[in-house]
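The values are calculated or read from the model by the stated rules, or taken from the named source; none is laboratory data. A quick note: this is a predicted structure, and the numbers were derived from the prediction, not measured. Glycine also receives a Cβ, built like all others from the backbone with ideal geometry; neighbour counts cover every protein chain displayed.
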Amino acid sequence: MIKIFPFIFVLLWSSAFITTKPIIDNSDPFAALAFRFAFVALGFFLFSIYSKQKILVNKRNFFESLFSGVLFHGFYLGGVFYSISIGMPTAIAALIVTLQPVLTNALSGPILNEKVSIKQWVGVLLGFVGAGLVLGFDVGSKIPLAGLVATIIALLAITFSTLWQKKLSNNLPLSVSNMNQALGGCLFHLLIVILFVDPYIDFSQTFIIAMSHQVFLVSFGAFTILMYLIKNNSASKTVSIFFLIPATSAFMAWLFLNENLTRLDLIGFLITSIGVYIATRD
C-alpha cells in the first residue's frame with residue numbers, strides 16, 4: 001500500500017488545482033482558506049485525541065510546526081488561490097509551483113548538505129525553459145502580473161517549507177504536527193482577512209462540494225501523505241513525484257474547467273516535466 005502513496009498523492013494534489021476555481025468563484029480566497037484550515041485543524045485535533053496522541057508539546061516543537069504551516073498553508077496556498085482569483089489560468093499556476101522539485105534539489109546542497117550534480121542543474125535549466133514557453137513574453141496582457149508574482153511567492157514558499165520540514169528537530173506524531181500546521185495556516189489567513197480584505201463566502205452547493213474535496217481529500221489525504229514521505233525519505237527523493245503533476249493538472253483543467261491548451265503550452269509542459277525528472281531522478 002505504501003508503495004502507491006506517491007501516485008495517490010499526485011492524483012489528489014493535482015485535483016486541488018481543479019477545485020480551487022469553484023471555491024474562489026464563490027468566496028474571497030483568504031476567507032475560504034481560513035475556513036478550510038479551521039476545519040482541518042479541528043479534524044486533526046479530534047483524531048489526535050481519539051488516537052491518544054500527546055497534543056501539548058514544548059514551545060520549540062509547536063512553533064516549528066506552526067511556522068511550517070504559515071509557509072505551506074499560508075504563503076503557498078494563499079499565493080495560488082489569490083493568483084487564480086485574479087485570472088491566472090489554473091494549468092499555468094500548477095506548472096509554476098511544480099518547479100518546486102528543481103529548486104528543492106538546487107537548494108538541498110547548501111541547506112541540507114545533499115550533493116547537487118550537474119545533471120540536476122541541467123534539469124533546473126530545462127524546467128525554467130519550459131515554464132518560459134508556457135508563460136510567453138507578454139505577461140502583462142495574457143497573464144496578470146500580480147498573479148504571476150503571487151504564484152512565484154507560492155513556489156518559493158512550498159520549496160522552503162519542504163526544506164524546513166525536513167530539518168525539523170521534533171518527532172511529533174503526524175496528526176499533531178498537521179494540526180499545528182493547519183492552525184498556522186488558519187491564523188495567517190485570518191490575519192489577512194482582518195487587515196486587508198472584505199471577506200465573503202457563498203455557501204452554495206458548488207462551494208460546499210469543492211471545499212469538502214479540499215478538506216478531506218487534499219488536506220487530510222494528500223498533505224498527510226506528503227508529510228509522511230518527507231519524514232521518511234530525502235527531500236530530493238520526495239519531491240521527485242512532483243514531475244507528474246503538470247500534465248495531470250493540465251489534463252484535469254482541460255477535462256473539468258474547459259481551459260485551452262495550445263501546442264506551445266503542451267511543448268512547455270513536456271520540457272518542464274522532463275527537466276524536473278532529470279533533476280530529481282537517481
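Quick notes on this one:
- Some residue of region 97-110 being surrounded by fewer than 22 Cβ atoms within 10 Å (Cβ to Cβ) and without any contact (Cβ under 8 Å) to a residue 12 or more places away in the chain: yes
- Members of region 132-165 found to be in a helix (DSSP H, G or I) and at pLDDT below 75, listed by number: G132, V134, L135, V139, G140, S141, K142
- Residue within region 47-57 that is within 21 Å of the chain's Cα centre (by Cα) and either surrounded by fewer than 21 Cβ atoms within 10 Å (Cβ to Cβ) or not small (G, A, S) (or both) present: no
- Some residue of region 31-45 being modelled with pLDDT under 90 and hydrophobic (A, V, I, L, M, F, W, C): no
- When G69 is tested against the conditions (1) under 30 Å from L264 (Cα atoms); (2) surrounded by 24 or more Cβ atoms within 10 Å (Cβ to Cβ), the lone failure is (1).
- Listed by position, the helices (runs of 4 or more DSSP H) enclosed by region 1-84 that each have at least 3 residues that are aromatic (F, W, Y), closer than 12 Å to M211 by Cα and in contact (Cβ under 8 Å) with a residue 60 or more places away in the chain are 29-50.
- Residue that is surrounded by the most Cβ atoms within 10 Å (Cβ to Cβ) [pool: residues in region 229-248 that are touching a Phe, Trp or Tyr at 6+ places or on another chain (Cβ under 7 Å) and modelled with pLDDT of 75 or more]: I245
- Matching entry among S175, S204 (being in contact (Cβ under 8 Å) with a residue 12 or more places away in the chain, of a type in the set (S, T, Y) and within 15 Å of G69 (Cα to Cα)): S175
- Of the residues making up region 63-82, not a single one is farther than 19 Å from V97 by Cα, of a type outside the set (D, E) and touching a strand residue (DSSP E or B) at 6+ places or on another chain (Cβ under 7 Å).
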